[in-house]
Amino acid sequence: MPCSTTYEKTRLCYETYRNLARAVPHVRRLDLEVAMRPLIVWIIVGWVVFVVFIVAALRWYAKGRDEDDLMSEAHMVQLEAEDITLDAAPPEIYRPNWDEYFLLIAQAVASRGECTRSQVGAVIVRDKRIISTGYNGVAAGDPSCLDGICPRARNNVPRGVPYEGDGACVATHAEDNAIHDAMRRQIAVFGSTIYLTKEPCEKCVSLLAALEMTAVFLPKSRHG
């Protein structure tokens, strides 16, 4: 407000300016506190975030150390087990030769045989690869020796007797079945090797000779 030259007005003006002078620092202090509040809040938030980050980093580091320790312990246990295995004498491993290998497979094939007197298996091989298998049995769907229709069994025909008359056999021999299986799939058997669990009969010997097949068999007994 404008001041006059009179004494009263001068004194009033002086008092007014003195009061304003006293109020200004207080007003400025209040403005500074208000301006500083967001900054203080951000500083506090920043410290909280920093502390949380440090705690999380320490936990992650401690977890990684624990996993490394576990892996090291597992690795040590594995090494100790390997050392024990290496110190022990290696077990003896028997590997059959190729003839024994295919004869063992022929024995497994023979377990499918349908003859009550003698189950026979056959495996035809070329270049150490199996091309066909067969066992003694009747055509699919026909009654077999397992159904009690075998003439040789009913007539007690001795083993080795030709397959004629009362000694007739209703089953197809394993050699014949293996050869026909390969022929149905258009696989050549000429000059191949056939592995048998029993010595072939005279009829099968003639068949194998005609095809120039080499027979490898277990010398246990002849066909029943």
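Could you please let me know if VAL157 is touching a helix residue (DSSP H, G or I) at 6+ places or on another chain (Cβ under 7 Å), surrounded by 14 or more Cβ atoms within 10 Å (Cβ to Cβ), in a loop (DSSP other than H, G, I, E, B) and without any contact (Cβ under 8 Å) to a residue 60 or more places away in the chain?
Criteria met by VAL157.
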Handout entry: Positions within region 173-205 being open to solvent by 70 Å² or more (accessible area, probe 1.4 Å) and not in a helix (DSSP H, G or I), in sequence order
Key = ARG185, GLN186, PHE190
Exercise for the section: Scan region 206-224 for residues that are farther than 14 Å from GLN107 by Cα, at pLDDT 90 or above and touching an Asp or Glu at 6+ places or on another chain (Cβ under 9 Å) and jot them down. Expected result: LEU207, LEU208, MET213, ALA215
Problem - Per-region count, region 101-139, residues open to solvent by 70 Å² or more (accessible area, probe 1.4 Å) and more than 30 Å from PRO158 (Cβ to Cβ) - result: 6
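The values are calculated or read from the model by the stated rules, or taken from the named source; none is laboratory data. Remember, it's a predicted structure, so these values are computed and weren't measured experimentally. Glycine gets a Cβ as well: all are built from the backbone with ideal geometry, and neighbour counts include every protein chain shown. Just so you know, the surface numbers come from the protein's heavy atoms only, side chains and all, with ligands and any DNA or RNA stripped out. Shrake-Rupley method; radii C 1.70, N 1.55, O 1.52, S 1.80 Å.
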